[in-house]
Structure formats: C-alpha cells, structure tokens
1. Can you report the number of residues in region 9-33 which are hydrophobic (A, V, I, L, M, F, W, C) and surrounded by fewer than 18 Cβ atoms within 10 Å (Cβ to Cβ)?
2. Among residues belonging to region 45-77 that are among the charged types (D, E, K, R) and within 21 Å of ASN130 (Cα to Cα), point out the one that is most open to solvent (accessible area, probe 1.4 Å).
3. If only one of ALA51, ALA106 is closer than 15 Å to ILE9 by Cα and assigned to a loop (DSSP other than H, G, I, E, B), which one is it?
4. Looking only at region 67-77, which residues are assigned to a helix (DSSP H, G or I) and either without any contact (Cβ under 8 Å) to a residue 12 or more places away in the chain or touching a strand residue (DSSP E or B) at 6+ places or on another chain (Cβ under 9 Å) (or both)?
5. Can you tell me which residue within region 78-101, out of those that are open to solvent by 70 Å² or more (accessible area, probe 1.4 Å) and either among the charged types (D, E, K, R) or in a helix (DSSP H, G or I) (or both), is farthest from LEU28 (Cα to Cα)?
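The values are calculated or read from the model by the stated rules, or taken from the named source; none is laboratory data. Just so it is clear, the model here is predicted, and its values are computed rather than measured. For neighbour counting, all protein chains shown are included, and Cβ atoms are generated from backbone atoms with ideal geometry for every residue, glycine included. Just so you know, the surface numbers come from the protein's heavy atoms only, side chains and all, with ligands and any DNA or RNA stripped out. Shrake-Rupley method; radii C 1.70, N 1.55, O 1.52, S 1.80 Å.
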Amino acid sequence: MAKRERLKIAIASDHGGYGLKEYLKLKLAKDYDIYDLGPSSSERTDFPKYAAAVAKFLSADKHSVGILACRNGIGMTIAANRFPHVRAAILFNDKAVMRARRDDDANVAVLAADYFSRAKNLKFVKRFLNSEFNTADPRYKKRVSMLGKLCKG
C-alpha cells in the first residue's frame, strides 16, 4: 500500500495572531507539513500581505490548505477571499467549521485570536482538517463552482 502524502498547511498571521500561529505550528507539526509564511515576530504588521501569501501558496498547490490568524478574523477573511481558488471561512463554532468544509469546501481556516483560547482555536482547526467537502450533493458542487466563476468576472 502506498504511503499517503502529508497534507501541506500554509500558515500566517498578523501581529495580533502571532502567538496563536506559533502555538498551532507546534501542535500540528507532527501530523502535517507546515509552511510558515510569516511574520517572524509579533511586531506590528499589516495583515493583507500575509493573507495574500497564503492565498498565493494555495493557488500554486490546490491540494493544500491554509490557516490565518489575527485578532478578529474579518480582515484576513476579506483579503484571502480576493484570490481565485481561495474559500476562506472564519471558524467560530463547531457547526460553522463543519459547514465551511462540508457545504462550501473552505480551504482556509481563519481564526480570531482575541475571541477564542488557543485550545479552542486548535479544536476548530483539527475539526476543519478532519472534515471533507460533501461531493455527493450536487448543489454544493454547483455552488462552489459558482464561487470560482465570481473571481473571473
């Protein structure tokens, strides 16, 4: 039996999510290939460039997923969703995590460091990584296809 390739995770944050990003890297490194796209410290920085870095990574490797962390998740989500092939979702409860993956094929988990503990955010991420898109229901496939076309204008 062929060895299954480890999932690649591109992870980034701004200064407000830096501590959470570092925590998640440590917790996930055993089971996943982690690509830290910055920042390298908690010094004040601008979130759009890090959301863009993760989005570009996913555009180059469509089988990978992304994790973004900031204070509230909103700016990161807006920035990441400007890129083709990116479906970023803020994870704020178990039902939202499940639906983001099952119904919308989300490939970027966005985390709000100010609103949830590191342990709770890790729980959201693990559920996200262990959930799959519902390919059996054609309405979800149709909707995800429609999302992709929105980026083409």
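1. Residues of region 9-33 hydrophobic (A, V, I, L, M, F, W, C): 9-12, 20, 24, 26, 28-29.
When the remaining residues are screened for being surrounded by fewer than 18 Cβ atoms within 10 Å (Cβ to Cβ), the result is 26, 29.
Result for region 9-33: 2.
2. Step one: list which residues in region 45-77 are among the charged types (D, E, K, R), which gives 46, 49, 56, 61-62, 71.
Then keep just the ones that are within 21 Å of ASN130 (Cα to Cα); that gives 61-62.
On the way: ASP61: 32, LYS62: 117 Å².
Among residues in region 45-77 that are among the charged types (D, E, K, R) and within 21 Å of ASN130 (Cα to Cα), the one most open to solvent (accessible area, probe 1.4 Å) is LYS62.
3. Values: ALA51 fails: assigned to a loop (DSSP other than H, G, I, E, B).
Just one listed residue meets the conditions, ALA106.
4. Filtering region 67-77 for residues assigned to a helix (DSSP H, G or I) gives 74-77.
Scanning region 67-77 gives ILE74, MET76, THR77.
5. Initially, region 78-101 is screened for residues open to solvent by 70 Å² or more (accessible area, probe 1.4 Å), giving 78, 82, 85, 92, 95, 99.
From the residues that got through so far, the ones that are either among the charged types (D, E, K, R) or in a helix (DSSP H, G or I) (or both) too are 78, 82, 95, 99.
On the way: ILE78: 25, ARG82: 27, LYS95: 22, ARG99: 22 Å.
Within region 78-101, the match that is farthest from LEU28 (Cα to Cα) is ARG82.
Here's the yes/no breakdown for (1) over 15 Å from ALA10 (Cα atoms); (2) out of contact with any helix residue (DSSP H, G or I) (no Cβ under 9 Å at 6 or more places or on another chain):
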{"residue": "LEU58", "(1), (2)": "no, no"}
{"residue": "LYS62", "(1), (2)": "no, yes"}
{"residue": "ILE67", "(1), (2)": "no, no"}
{"residue": "ALA79", "(1), (2)": "yes, no"}
{"residue": "HIS85", "(1), (2)": "no, no"}
{"residue": "ILE90", "(1), (2)": "yes, no"}
{"residue": "ASN93", "(1), (2)": "yes, no"}
{"residue": "VAL97", "(1), (2)": "yes, no"}
{"residue": "ASN121", "(1), (2)": "yes, no"}
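Let's see how each residue does on (1) of a type in the set (Lys, Arg); (2) in contact with a Cys (Cβ under 9 Å, 6 or more places away or on another chain); (3) closer than 19 Å to SER59 by Cα:
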position: LYS8; (1), (2), (3): yes, no, yes
position: ASP14; (1), (2), (3): no, yes, no
position: GLY19; (1), (2), (3): no, no, no
position: LYS25; (1), (2), (3): yes, no, no
position: LEU28; (1), (2), (3): no, no, no
position: LEU37; (1), (2), (3): no, no, yes
position: SER40; (1), (2), (3): no, no, no
